[in-house]
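Undergrad: To start, I am sharing the structure in question, which I have written as structure tokens.
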Amino acid sequence: MALNPDFVGRSYPPGAPYLVGREKVREFSEALGITEPVSLDVDAAQSRGYSDVVAPPTFAVRLVMAAAESVALDPDLGLDYSRVVHGDQRFEYSRPIVAGDELLSHVTIDGIRSVAGNDMITTRTDISTTDGEHVVTSYTVLVARGTDSETA
């Protein structure tokens with residue numbers, strides 16, 4: 001196994017807060033073909049009780065990917081990112097992300113294992129407001145494909 005198993009349980013500090021912008025939510029929604037008014041129109045969102053437009057559930061991946069850089073770029077972990085493919089992703093929400101949220105992402109390595117010559121790393125990213133309110137937790141599995149000699 002190329003990945004250092006001692007990293008299980010290691011947490012990385014959050015980067016700078018991410019301010020969720022109204023236009024970013026609209027652009028993301030439109031790119032996905034989402035036509036739900038709460039994601040595109042402030043008045044529609046406010047009429048449903050939200051303070052601003054509501055981000056689609058997968059919007060959190062913007063923050064997860066930024067937080068994952070601290071893991072992927074840690075030289076002591078031993079991850080060859082050129083061999084990485086996305087294995088799995090899931091989100092557990094406490095509430096939707098809305099424009100105006102200022103969010104922090106804390107990433108922790110939950111597991112490392114080897115399967116058929118491939119290294120698998122599971123991370124958990126806890127996303128909360130700068131005031132400490134939990135918004136969403138994302139679980140990600142990355143697969144570092146082994147070389148031909150490792151998978152034979």
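Undergrad: Report the Cα-based extents of the range 101-152 along its three principal axes, largest first, to the nearest Å.
TA: Computed over the range 101-152, the largest-to-smallest principal extents equal 50, 14, 11 Å.
Undergrad: Kindly give the semi-axes, whole Å and largest first, of the ellipsoid equivalent to the range 37-101, taking each as the square root of 5 times a Cα gyration tensor eigenvalue.
TA: 34, 11, 9
Undergrad: In Å, what Kirkwood hydrodynamic radius results for the range 61-152 from the alpha-carbon pair distances?
TA: Taking the inverse mean of 1/r over all distinct Cα pairs, the range 61-152 comes out at 14.2 Å.
Undergrad: So what's the back-of-envelope 222 nm ellipticity for the chain, counting only DSSP H runs of four-plus at -39500 (n - 2.57) apiece and dividing by all residues, rounded to 500?
TA: The helix contribution divided over the chain gives -5500 deg cm²/dmol.
Undergrad: Based on the inverse mean of 1/r over its pairs of different Cα atoms, what is the Kirkwood hydrodynamic radius of the range 5-59, in Å?
TA: 13.0 Å
Undergrad: Give the angle, between 0 and 90 degrees and rounded to the nearest 10, that separates the Cα long axis of helix 22-31 from the longest principal axis of the Cα atoms of the chain.
TA: With rounding to tens, the tilt is 70 degrees.
Undergrad: Here is a further query. If you fit an axis through the alpha-carbon atoms of helix 61-72 and take the longest principal axis of the Cα set of the chain, what angle between them do you get, 0 to 90°, nearest 10?
TA: The angle comes out at about 30 degrees.
Any read-out appearing in this document is the output of simple, stated calculations on the displayed coordinates, not a laboratory observation. Note that this is a predicted model, so its numbers are computed, not measured.
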